[in-house]
Amino acid sequence: MRKYYVSLKTYVAAFSSLAFGFFSVISCLIVWGIFYHIFGKDLSFYSALLLSVLSCILAVGLNFTLLYFGMKFLIRPIKRIKDTIDAVANGDFSARAERKVHKNLSNYVYMHELDEVIVNLNKMAQHLELNQNLQKEFISNVSHEIKTPIFSIAGLSELMLENPAQNAHYAALINKEANRLNRLCDDLLKLARLDNSSIVKLDEVVQVDEQLRSSVILLTQKYPNREFVLNLNKANTLSNAPLLAQIWQNLIENAIKYSPDNKPIEISCKAEKREIEVVIKDHGIGIEAKKIDKIFDRFYQCEESHSELGSGLGLSIVAKISQLLSVKIDVKSEQNLGTQFILKIPKKTHSGHKS
């Protein structure tokens, strides 16, 4: 089965030539009428009519020929677009449509509308390729992170069977690995939900200082020996309470994990004219300057020795929620001196406008 009944170039050329031919017929008849009216019997009726018809046929043929070969200049970018779309549809996200750059048109962004389509098509293909690479990397990291505790659990269970006297010790290790796997699954589910949430409701009145106090109380039960220094001024805004609370939970627990037991976690909150500033500061190991830009990447951990402290997804969850809530995050850190996360939350009124 043939793919096309007629090519676009032939269709446009035929349509245009017929249109031009129709007007040529009208023009020839008008010219013939004028000459016949002037010259009368000196001009043979049938000779003039035949001349007009032949002129029309010649005009149609010339129009078709010129348009058929001239249309290739219009068809070229369309063909490049088609080939690229076909490649992307078949899974080749590295395909790009060639864009012809004209030096004498430096004052213009695009050559024509089709040139703009080519540029946007290439941008789309680039984003799809990036997403595909991120997906592959994500799947690879998930597989690695899940395999580690599963192998540990399998190995420890075999040791329990071989050495029943050490069952209590092995059972504790298995429980630790199972909890680690459970946390990883929970974080993956949270990220999956956040990735599918392009829009969230920001219609709850959130008392930010009270949320921070509640987060500290909950974590104090989990880490009873940790000390907190709070400087929380009253601050409220319209936002999404559960998601905002998740940010505090992740950042405060992250500060606890990567700082010594004898060093306090400092948390401050203050309301400014257009935003609320929250600072969470620890006195821990700090982060190298070259690694700060990577800490929000999924599964990224600054030190391999601390991989057992978390899944590497906590800060990724914070970054995704911050994006959804329009919260700005700044990170300042010095090695062996500590890290502080500075968050700027838009301060909104009940009317939905920033105050």
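The values are calculated or read from the model by the stated rules, or taken from the named source; none is laboratory data. What you see is a predicted model; the values in this text were computed from it and never measured. Quick reminder, even Gly has a Cβ in these numbers, built from the backbone with ideal geometry, and neighbours come from all protein chains shown. The accessibility values were calculated without ligands, DNA or RNA, using every heavy atom of the protein model including side chains. Shrake-Rupley method; radii C 1.70, N 1.55, O 1.52, S 1.80 Å.
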Which numbered condition trips up Glu266, out of (1) in a loop (DSSP other than H, G, I, E, B); (2) over 32 Å from the mean Cα position of the chain (by Cα)? (1)
The residue from Asn122, Asn141 that alone is of a type in the set (S, T, N, Q), open to solvent by less than 50 Å² (accessible area, probe 1.4 Å) and modelled with pLDDT of 85 or more is Asn122
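What number of residues within region 230-245 satisfy the criterion of being within 21 Å of Ile329 (Cβ to Cβ) and open to solvent by 40 Å² or more (accessible area, probe 1.4 Å)? Quick ask: steps written out before the conclusion?
Going residue by residue through region 230-245, those that are within 21 Å of Ile329 (Cβ to Cβ) are 230-233, 235-245.
Remaining after also requiring open to solvent by 40 Å² or more (accessible area, probe 1.4 Å): 230-231, 233, 236, 242.
Looking only at that region, the number is 5.
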Of residues in region 246-290 being open to solvent by 40 Å² or more (accessible area, probe 1.4 Å) and touching a Cys at 6+ places or on another chain (Cβ under 9 Å), the one nearest to Val205 (Cα to Cα): Tyr258
Counting only residues that are hydrophobic (A, V, I, L, M, F, W, C) and open to solvent by 100 Å² or more (accessible area, probe 1.4 Å), which one in region 71-115 is farthest from Gln126 (Cα to Cα)? Phe73
Count of residues meeting criterion [among the acidic types (Asp, Glu) and more than 23 Å from the chain's Cα centre (by Cα)] in region 63-122: 4
Taking Glu210, is it among the charged types (D, E, K, R) and either in a strand (DSSP E or B) or touching a residue at least 40 places away in the same chain (Cβ under 8 Å) (or both)? no
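Can you tell me which of Pro260, Pro224, Pro242 is assigned to a loop (DSSP other than H, G, I, E, B), more than 17 Å from Gly338 (Cα to Cα) and not hydroxyl-bearing (Ser, Thr, Tyr)? Walk me through how you get there before you give the answer.
Values: Pro260 fails: more than 17 Å from Gly338 (Cα to Cα); Pro242 fails: assigned to a loop (DSSP other than H, G, I, E, B).
Testing whether each residue is assigned to a loop (DSSP other than H, G, I, E, B), more than 17 Å from Gly338 (Cα to Cα) and not hydroxyl-bearing (Ser, Thr, Tyr) leaves just Pro224.
Filter region 311-332 for residues that are open to solvent by 30 Å² or more (accessible area, probe 1.4 Å), in contact with a Phe, Trp or Tyr (Cβ under 6 Å, 6 or more places away or on another chain) and outside any helix (DSSP H, G or I) and give the result.
As a first pass, look at region 311-332 and keep what is open to solvent by 30 Å² or more (accessible area, probe 1.4 Å): 319-320, 323, 326, 328-330, 332.
Keeping just the survivors that are in contact with a Phe, Trp or Tyr (Cβ under 6 Å, 6 or more places away or on another chain) gives 319.
Those that are open to solvent by 30 Å² or more (accessible area, probe 1.4 Å), in contact with a Phe, Trp or Tyr (Cβ under 6 Å, 6 or more places away or on another chain) and outside any helix (DSSP H, G or I): none in region 311-332.
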